[in-house]
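Peer 1: Got a structure for you, questions after.
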Amino acid sequence: MKNITIASLISIFVFGFLAISCGKDKPFIGESAETVAAKGGTIFEVDTLNSRIEWKGYKIFKSDNFSHFGTIKFESGDVSVQNGEIVGGKFVADMGTLENVDLKGDLEQKAKLESHLKSADFFAVEKFPTASYEITKVTHNESGDYNTTLEGNLTIKGISKPTKFNANVSVKDGEVSIATEPTDVKREDFSVRFQLPVANGVIKDEVNLQILIKALEKK
């Protein structure tokens, strides 16, 4: 990676509010029960030390198919549970914790990439220090690879868009775990439009995100 120019590194990145694979939504088979997300019930607080967003960004057009990936930490969050099932929740991400993982062997390049991603060219972290996802609807699935579908509003740079995640959800022994399917979102929907000249590579619009939550029952 040391032989890659800074411009190339920047050009191949797209945000990933993030996942380690580039999965797409998969269909569900069988009957399901829908719940409109609501406040109330038992509240579980997000364990911010053991929860994260994983992102992956990549480029197209050039033959060098590089990608970058990393994490973002949560600032706060909670999940509402009724009758042993989640019925709502909101997760607030601290955009200042956006970190690149794959460049850990080159700390100078890593720092430059992270700084640029936090700048006005990308996520304008100084102006928009947080991003969030608020669940508005929960569908419990009887079969398929994921036992739950979460629908809600994803907010980045002050712009909210309805976004659906397939997820595996568990409520057990005073703990909620949520692991969403790695899912592509369009960065341009959130006014993240930075692009370099074609000669330096084309940044792909889709960003792959995975949300990993551990929440503990509030005492």
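Peer 1: Residues that are open to solvent by less than 70 Å² (accessible area, probe 1.4 Å), farther than 24 Å from Gly88 by Cα and at pLDDT 80 or above: does the range 205-212 have at least one?
Peer 2: For the range 205-212, residues open to solvent by less than 70 Å² (accessible area, probe 1.4 Å), farther than 24 Å from Gly88 by Cα and at pLDDT 80 or above: present.
Peer 1: Test Asp121 against the criterion of being out of contact with any Leu (no Cβ under 7 Å at 6 or more places or on another chain), in contact (Cβ under 8 Å) with a residue 40 or more places away in the chain, part of a loop (DSSP other than H, G, I, E, B) and not β-branched (Val, Ile, Thr), and give yes or no.
Peer 2: When the stated conditions are applied, Asp121 passes them.
Peer 1: Any chance the range 167-181 includes a residue that's under 16 Å from the mean Cα position of the chain (by Cα), of a type outside the set (S, T, N, Q) and open to solvent by 40 Å² or more (accessible area, probe 1.4 Å)?
Peer 2: For the range 167-181, residues under 16 Å from the mean Cα position of the chain (by Cα), of a type outside the set (S, T, N, Q) and open to solvent by 40 Å² or more (accessible area, probe 1.4 Å): absent.
Peer 1: Name the residue, out of Val81, Val46, that is open to solvent by less than 60 Å² (accessible area, probe 1.4 Å), at pLDDT 95 or above and over 24 Å from Pro182 (Cβ atoms).
Peer 2: Val81
Peer 1: Considering only the range 51-78, state which residues are surrounded by fewer than 16 Cβ atoms within 10 Å (Cβ to Cβ) and modelled with pLDDT under 95.
Peer 2: Matches in the range 51-78: Ile60, Phe61, Lys62, Ser63, Asp64, Asn65.
Peer 1: Next question. Among the residues of the range 90-134, write down those that are open to solvent by less than 10 Å² (accessible area, probe 1.4 Å) and modelled with pLDDT of 95 or more.
Peer 2: Within the range 90-134, Phe91, Ala93, Met95, Leu98, Ala131, Tyr133 qualify.
The values are calculated or read from the model by the stated rules, or taken from the named source; none is laboratory data. Just so you know, these numbers come straight off a predicted model, no measurement behind them. As a convention, Cβ positions derive from the backbone with ideal geometry for all residues, glycine included, and neighbour counts pool all protein chains shown. Heavy atoms of the whole protein, side chains included, go into the accessibility calculation; ligands, DNA and RNA do not. Shrake-Rupley method; radii C 1.70, N 1.55, O 1.52, S 1.80 Å.
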